[in-house]
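Down below is the structure, laid out as structure tokens.
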Amino acid sequence: MTGNGVRERGDVRTLGRRLLLAVDAKGYGGADAVRQGDFQEAITRLLGEAAEHAGLNRESWMTQEGGDSLFAVLPAGASESALVDPFMRRLDTGLRAFNRDRVSGARLRLRAAVHCGLVSYGANGFVCRAPVVVGRIRDCAALREALVAAPDAYLAVGLSTAAHEVVVEGDTTFRAQEFRRVSVTEKEYSGDAWIWVPAPDTEQPRREPEPPSRHDAPVVRANVTAKRVDGRVIVVRTDKATGTIEGTAESDQIGPTGEVVGVEIRTTDDGDPR
């Protein structure tokens with residue numbers, strides 16, 4: 001029951017089975033006011049961009065927000081697979097763009113957790129076990145340690161067993177071995193979680209192709225026999241001189257306008273010989 005727009009004591013509205021997301025920033029409390037404001041703006045924007053990319057209508061989420069945290073209940077029918085892939089992959093991309101050229105202390109790093117379960121809405125927020133589970137996974141020691149152990153990563157994601165089963169069995173780009181199973185014991189919650197930390201986006205040096213070895217190099221052989229040559233005869237014509245080129249030409253007579261070329265190596269468009 002609701003009176004005068006205010007939910008009365010004991011009034012609980014069941015929302016049903018929903019997809020839940022919990023996010024929190026690492027090191028927010030130690031940042032100054034300017035950096036905290038910067039982080040708040042970035043969290044809101046990056047989550048919105050990731051939701052749009054994943055086809056998850058951000059405006060339809062029911063949320064509880066703190067300065068550096070967010071708890072969201074997605075609408076009925078929202079896809080667990082979409083929330084993990086591509087939502088989390090896009091969030092990671094956004095974090096990397098935000099943190100580019102920032103010193104380590106000014107970088108935004110997030111922990112995120114995903115769960116699906118029964119949710120109800122009470123007088124001062126969400127109730128039932130599912131919101132507790134997703135919050136405990138987000139704040140668990142294993143997820144915190146995973147982010148600490150990967151200093152070049154900006155995101156660590158923890159999935160409940162229920163969410164992990166849907167994601168791994170669903171239509172995603174994830175492989176089962178990308179998740180690490182951990183035991184979580186936080187306050188009154190005890191259970192398993194599955195952790196994924198995106199690999200560092202380090203650019204690998206470009207490998208130049210190795211020149212073919214003596215045994216791999218091509219061998220070109222050509223033989224030309226003509227009784228009389230009045231025009232131009234080219235035994236072998238090539239754009240590259242890699243490998244072995246062998247050519248022989250036999251002619252009884254070469255006329256005044258005749259020319260025999262054993263090997264002709266052409267040049268590139270800019271005139272450099274090959």
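The values are calculated or read from the model by the stated rules, or taken from the named source; none is laboratory data. Worth saying up front: this structure is predicted, and the values here are computed from it rather than measured. Note that each Cβ is placed from the backbone with ideal geometry, even for glycine, and that neighbours are counted across all protein chains shown. Heads up: the accessible areas ignore ligands, DNA and RNA and are worked out on the full protein's heavy atoms, side chains in. Shrake-Rupley method; radii C 1.70, N 1.55, O 1.52, S 1.80 Å.
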Check: Measuring with a 1.4 Å probe in the full set of protein chains, what accessible area per residue, in whole Å², belongs to the stretch 30-122?
Finding: 43 Å²
Check: Gain in length, ARG102 to LEU118, computed as 0.36 nm per residue apart minus the alpha-carbon separation, to one decimal in nm?
Finding: 1.7 nm
Check: For the stretch 47-110, rounded, prolate or oblate, judged on the Cα gyration tensor with a ≥ b ≥ c (square roots of eigenvalues), a/c < 1.5 rounded, else prolate if a/b > b/c?
Finding: oblate
Checklist line | Full-stretch length increase - THR14, ASP171 - with 0.36 nm per residue and alpha-carbon distance subtracted | finding: 53.6 nm
Next item on the list: Using a 1.4 angstrom probe on heavy atoms only, work out the carbon and sulfur share of the accessible area of the stretch 14-98 in %.
Entry: 45 percent
Item checked: Modelled FRET efficiency - R0 22 Å, GLU188 with ALA149, Cβ distances, 0.05 increments -> 0.25
Checklist line | trypsin sites (Lys or Arg not before Pro) restricted to DSSP loop in the stretch 80-126 with at most 15 other C-beta within 10 Å | finding: ARG100, ARG102
